[in-house]
Amino acid sequence: MASSPMNKYWIPHLDIHKKVITQELQYYLGPDATVRPYTREGEDGFLITTPGACLTDEQIDDICLKSKEMWEKQAAARSQSNPEKPLKRPLHQPVLISKGSGEGSKRRGKDRRGHISRRPYDDKKGSESSRK
């Protein structure tokens, strides 16, 4: 059985949620259609691979509408988890990646024993090499 040639289409990610397009694509374009994130000429979007034609304007509108609903549900879930402070921009809630120890600014310029070093860093390197 010969496989049919696959067409590749790019669409911008604007107003499209990745989860929604992933869920809806095969419904619209059939079981052989795939989608993945793809950057074209510096612009983020999605690369759609399908044996037939790409999504119609109506299908893209439907995906955008479902994406908006998805973002609204996510924002509502986030605001329920932190109800005391509503955000002006719920989709831009900061996510903590790492937390500093709080001692970084205090330790700067001190050696291992907690004494303030009077020599610049480069001098320390030079003095080590001159000892050898």
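What follows is calculated from the coordinates using simple rules that are stated; it is not laboratory data. What you are looking at is a predicted structure, and each value in this text was computed from that prediction instead of being measured. Cβ placement follows ideal geometry from the backbone for every residue including glycine, while neighbour counts extend to all protein chains displayed.
Some observations on this one:
- Cα Rg over Rh - the stretch 7-92, Kirkwood: 1.07
- Figure legend: label point modelled 7 angstrom from the Cα of E58 along Cα→Cβ; residues of the stretch 1-45 with amide N under 19 Å from it are 24-30.
- In this structure the amide hydrogen of F46, modeled in the peptide plane, comes within under 5 Å of the amide hydrogens of I11, H13, Y38, none closer than 5 places in sequence on its chain.
- Contact order, relative form, for the stretch 7-92: 31 percent (alpha carbon pairs under 8 Å, 6 or more residues apart, mean separation divided by residue count).
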